[in-house]
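The block underneath contains the structure these notes are about, expressed in structure tokens.
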Amino acid sequence: MQSSEEKVVAVIMVGGPTKGTRFRPLSFNTLKPLFPLAGQPMVHHPISACKRIPNLAQIFLVGFYEERELALYVSSVSNELKVPIRYLKEDKPHGSAGGLYYFRDVIMEDAPSHIFLLNCDVCCTFPLPDMLVEHRRNGGMGTVLVIKVSAESANQFGELVADPTTNELLHYIEKPETFVSDLINCGVYVFTPDIFTAIQGVSTHREDRASLRRVSSFEALQSATRTHPTDFVRLDQDILSPLAGKKQLYTYETTDFWEQIKTPGMSLKCSSLYLAQFRYTSPHLLASGDGTKSATIVGDVYIHPSAKVHPTAKIGPNVSISANVRIGAGVRLSDCIILDDVEIKENAVVMHAIVGWKSFIGKWSRVQAEGDYNAKLGIAIIGESVTVEDEVVVINSIVLPNKTLNDSVQEEIIL
């Protein structure tokens, strides 16, 4: 029976500056967790989902960014959502399980009965209250959010086998070379505090092996290149795999959307997924307009209140417009993210693209791509403070910050 006194905490892994290199050039001057999707910072979506957890006592963000880089956001979102949020800076990368263990004393301050663990770069509906109910029913140490994907794409993720009746996790393997299952790990978990004992067991086992090993200095050097430090513990290979099939771990399957946000292309796709979700969770965030007193809005569109959009513009579907953006007459926007302080002049077109902060798109210009979210040049990316002059066409290209384009480009990376 659930006690009304039981407390729950959530831990969101946000990574650090050595992570997210595939997200460049969008992460040059903005932390990846703060990059806006559907008008909200990437990390805001899992934080908002945590707010729905019953008896939530606190949310922790764990990573190795400098504290000052996240301080303003953490303070503002904590005030906005009326929930205590703390950023915990690792001294170095410890792995997803190791990072959790490193801050175990802080995480357990409120003596929570359960601990949610989420990855910041996961995009889904985060069915956390339902996961918790199922987790309590199963009675194990942990429950893993899972989803079915195509057999062709499964090997890009952690594949697992679960008992179809009890949902017990029977087998887990990270990115296997041969097909194991179309059921994959979503990177969202709920654990009892027993998880800390399991993580400690991995570290202790490594220490014991190191102390027992009697090898020459050459062999020790060879061995060191193959093993992780004792305090670097991966949740997938080091915890899930060995505990599978021992009635400790269970699965909760989602049939909603799920994506990993590793590249700019995927951020554009995930922005559209969150916009569609707003229809059910936050309809007040979606814009509307019929082209008379305000712009024509097609499908799901977010427009920041400070943005100025001409009534003759046509916006959508799947468009997110950030603060202080200025959209001129006759502009057409579709499937794009327009970041802060951008100006788009009359009759310009932007489709399947991300336009960076303080950039300028001239009259009758065109910035577009094919919309293949997985391809390197599948979306057009305009970096920060880029000027695209009048009547210039940018197709399937990436333009790095502080450039001026006087001529049209196609399938190029402008350094």
Original post:
Within segment 189-204, which residues are in contact (Cβ under 8 Å) with a residue 60 or more places away in the chain and over 27 Å from the mean Cα position of the chain (by Cα)?
Top reply: GLN200, VAL202, SER203
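Every residue, every condition in (1) at pLDDT below 85; (2) touching a Lys or Arg at 6+ places or on another chain (Cβ under 9 Å), yes or no:
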| residue | (1), (2) |
| --- | --- |
| ASN155 | yes, yes |
| TYR172 | no, no |
| ARG206 | yes, no |
| ARG213 | yes, no |
| THR230 | yes, yes |
Subject >> Number of the condition not met by TYR274 [criteria: (1) within 26 Å of THR30 (Cα to Cα); (2) part of a loop (DSSP other than H, G, I, E, B)] >> reply: (2)
Original post:
In segment 398-412, which residues are touching a residue at least 24 places away in the same chain (Cβ under 8 Å) and either surrounded by fewer than 17 Cβ atoms within 10 Å (Cβ to Cβ) or outside any strand (DSSP E or B) (or both)?
Top reply: LEU400, PRO401, GLU411
**OP:** Only residues that are surrounded by fewer than 18 Cβ atoms within 10 Å (Cβ to Cβ), part of a loop (DSSP other than H, G, I, E, B) and on the phi < 0 side of the Ramachandran plot: list them for segment 379-397, please.
**Re:** GLU389, ASP390
Subject >> Residues satisfying the stated conditions in segment 155-169, i.e. crowded, with 17+ Cβ neighbours inside 10 Å and farther than 17 Å from TRP258 by Cβ >> reply: VAL161, ASN167, GLU168, LEU169
Original post:
Scanning for something touching a residue at least 12 places away in the same chain (Cβ under 8 Å), among the charged types (D, E, K, R), surrounded by fewer than 22 Cβ atoms within 10 Å (Cβ to Cβ) and more than 28 Å from GLN237 (Cβ to Cβ), does segment 71-83 turn up at least one residue?
Top reply: no
Subject >> strands (runs of 3 or more DSSP E) lying entirely in segment 1-112 (those with 1 or more residues that are closer than 15 Å to LEU128 by Cβ and basic (Lys, Arg)) >> reply: none
**OP:** Would you please name the residue that is surrounded by the most Cβ atoms within 10 Å (Cβ to Cβ), looking only at residues in segment 306-356 that are in contact with a Cys (Cβ under 6 Å, 6 or more places away or on another chain) and β-branched (Val, Ile, Thr)?
**Re:** VAL350
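Looking only at segment 311-326, count how many residues are part of a strand (DSSP E or B) and over 14 Å from ALA353 (Cβ atoms). If you could, list the steps in order and put the result at the bottom.
At the first step, the residues of segment 311-326 found to be part of a strand (DSSP E or B) are 314-315, 319-321, 326.
Pick out the ones that are also over 14 Å from ALA353 (Cβ atoms) and you get 314, 326.
Residues in segment 311-326 being part of a strand (DSSP E or B) and over 14 Å from ALA353 (Cβ atoms): 2 in total.
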Original post:
Out of (1) assigned to a loop (DSSP other than H, G, I, E, B); (2) free of Cβ contacts under 8 Å to residues at least 60 places away in the same chain; (3) not aliphatic (A, V, I, L, M), what's the single condition that is false for ASN155?
Top reply: (1)
**OP:** Being within 25 Å of PRO54 (Cβ to Cβ) and without any contact (Cβ under 8 Å) to a residue 40 or more places away in the chain is the filter; apply it to segment 130-152 and report the residue that is surrounded by the most Cβ atoms within 10 Å (Cβ to Cβ).
**Re:** VAL133
Original post:
Among VAL144, VAL180, which is farther than 20 Å from PHE232 by Cβ, aliphatic (A, V, I, L, M) and not in a loop (DSSP other than H, G, I, E, B)?
Top reply: VAL144
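Of all the residues that make up segment 115-139, how many are of a type outside the set (S, T, N, Q) and over 25 Å from PHE232 (Cβ atoms)?
Going residue by residue through segment 115-139, those that are of a type outside the set (S, T, N, Q) are 115-118, 120-124, 126-137, 139.
Now narrow it down to the ones that are over 25 Å from PHE232 (Cβ atoms): 123-124, 126-137, 139.
Result for segment 115-139: 15.
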Subject >> Where VAL43 falls short, out of the listed (1) closer than 26 Å to ALA198 by Cβ; (2) crowded, with 22+ Cβ neighbours inside 10 Å >> reply: (1)
**OP:** Tell me which of these VAL161 doesn't satisfy, since it passes every other one: (1) over 24 Å from the mean Cα position of the chain (by Cα); (2) at pLDDT 90 or above; (3) hydrophobic (A, V, I, L, M, F, W, C); (4) in a loop (DSSP other than H, G, I, E, B).
**Re:** (4)
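The values are calculated or read from the model by the stated rules, or taken from the named source; none is laboratory data. What you see is a predicted model, and the numbers here were worked out from it, not measured in a lab. Ideal geometry is used to build each Cβ from the backbone, glycine not excepted, and the neighbour counts take in all protein chains shown.
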